[in-house]
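Okay, structure first, notes after.
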Amino acid sequence: MSTGTFDFKNHSHRRYNPLTRSWVLCSPHRTQRPWQGHRESAQIEKRPEYDATCYLCPGNQRANGDCNPKYDSTFVFPNDFAAVKSDQPVLADTTEDDDDLIRTQGVRGECHVMCFSPRHDLTMAEMTVEEIEQVVKQWTSSYKAMAEKDYIKHVQIFENKGAAMGCSNPHPHGQMWCTEQVPEEPQTELDSLQAYRDTHDGKCLLCQYAQRELKHSDRVVFENDSFVCVVPFWALWPFETLLLPKHHLSSLKEFSDQHRQDLADALRRITCRYDNLFECSFPYSMGIHQAPIGDDYDYAHLHLHFYPPLLRSATVRKFLVGFEMLGEPQRDITPEQAASRLRDCSEIHYKARQENSVLETNHHHL
């Protein structure tokens, strides 16, 4: 047994995730190892504002033959290749030959695609706060619309950005998968939130956590009036972040105009910092966890997860393999180190800085 003082920056340790009641192995000393593994190709491309071949651009024809309107803000339509559908027979929870090891449930629902902008060449990091606020408003109205359907129980809003995250179209867009059951990951979090409230005198786990992070600040990336962005203590992905309302909000339905504006501001700031970290269009999966449809989820605390895969540079990503699949999740860089690096990133997009540099150089030559 080694003697001396334990150093969280250099010694292996596990961190507990109270939202999923699971553990993450943190091995900070592994950041020193040389990398000879897989590298992604650098995603460097100049996209046009409008692409005649893009099925998400205004006025273009989609795969099912429908044509998009010439929209000028956000645009929502049913997914042409939906993972769940409403027009199928109901199948209750059943077993095969009365064997509860072989169980099946039918899943009805709807899938929708939301274009964030009519411009093909933008990402959320390059949109204005006002433009992103329209996205938040559309999320809210879509959530409310789904709440009117008697068989919809849960609305999962998410965005996959970048080819590394399986996104097949670079046009800025996200999705909504609406199902008659609450999926496993948000249900696990809801169970944890409810259990914490029941054992901590009615207090909210994420309200307590947000206040704790704001007090100590070593994992805080930034904050505004309504939201705080942190690299969570239990983060798995190298630059994973969590966007939390500072005060208890269960769902988008409870948002004020100020909440919508502040969330739009926070979304622009974190996505811009991501892009600036390695000066690339930073891939990620982002999703909103909030109260399912219904009135019995006051203990739910809305929050947004960002799961980006990049590890060391624009071309080196993290993989979940080996021990991480068979044992438990593991990370190298500590959440505190990741938060520090994100804090140091500019909130002026690197493309804008490059364009300004070119303009200044040309002006100097004149």
Per 0.36 nm of contour for each residue apart, how much would the distance between residue 257 and residue 181 grow if the chain were fully extended, relative to their Cα-Cα spacing? 24.4 nm
Summing -39500 (n - 2.57) over every DSSP H run of at least 4 residues in the chain and dividing by its residue count gives a helix-only mean residue ellipticity at 222 nm, to the nearest 500 deg cm²/dmol, of -8500 deg cm²/dmol
The pairs in 46/70; 149/246; 153/203 lying past 28 Å Cα-Cα in this model are 149/246
Can you figure out the FRET efficiency of residue 73 with residue 167, using R₀ = 22 Å and their beta-carbon distance, to the nearest 0.05? 0.55
Between residue 326 and residue 148, how many nm apart are label points set 7 Å from Cα along the C-beta direction? 5.3 nm
Net charge, residue 226 excluded, C-beta distance under 12 Å - Lys, Arg +1, Asp, Glu -1: -4
Using a basic spin-label model with each label point 7 Å from the Cα along Cα→Cβ, how many nm lie between residue 12 and residue 85? 4.9 nm
Once the in-chain neighbours fewer than 8 apart are removed, the aspartates and glutamates whose Cα is under 13 Å from residue 318 read 40, 240, 332
Among all the aspartates and glutamates, which ones have a C-alpha under 12 Å from residue 85's C-alpha, if same-chain residues fewer than 8 places away are not counted? 110, 180
By accessible area (1.4 Å), largest first, 23, 237, 139 order as 23, 237, 139
Mind ranking 74, 128, 5 by accessible surface for me, highest first, 1.4 Å probe? 5, 128, 74
Quote to one decimal, in nm, the extra length available between residue 218 and residue 195 on full extension: 0.36 nm per residue of separation minus the C-alpha distance between them. 5.5 nm
Descending packing, highest mean Cβ count within 10 Å first, for 281-292, 56-67 is 281-292, 56-67
Would you mind putting 168-179, 188-199 in packing order, based on average other-beta-carbon counts within 10 Å, highest first? 168-179, 188-199
In whole percent, what relative contact order does the stretch 212-366 give with Cα contacts below 8 Å and a gap of six or more residues? 30 percent
About its Cα centre, the chain carries a charge dipole, from +1 on Lys and Arg Cβ atoms and -1 on Asp and Glu Cβ atoms, whose size in debye to the nearest 20 is 1360 debye
Taking only the Cα positions of the stretch 204-363, the convex hull volume per residue in Å³ is 140 Å³
Of every Cα-Cα pair in the chain, the percent that sits beyond 36 Å: 26 percent
For the chain, what is the relative contact order in percent, using Cα pairs closer than 8 Å and at least 6 residues apart in sequence? 20 percent
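The values are calculated or read from the model by the stated rules, or taken from the named source; none is laboratory data. Just so it is clear, the structure is predicted and the values come from calculations on it, not from any experiment. A quick note on method: Cβ atoms are made from the backbone with ideal geometry, for glycine too, and the neighbour counts reach across all protein chains shown. Quick note on the areas: whole protein, heavy atoms, side chains included, nothing else; ligands and nucleic acids left out. Shrake-Rupley method; radii C 1.70, N 1.55, O 1.52, S 1.80 Å.
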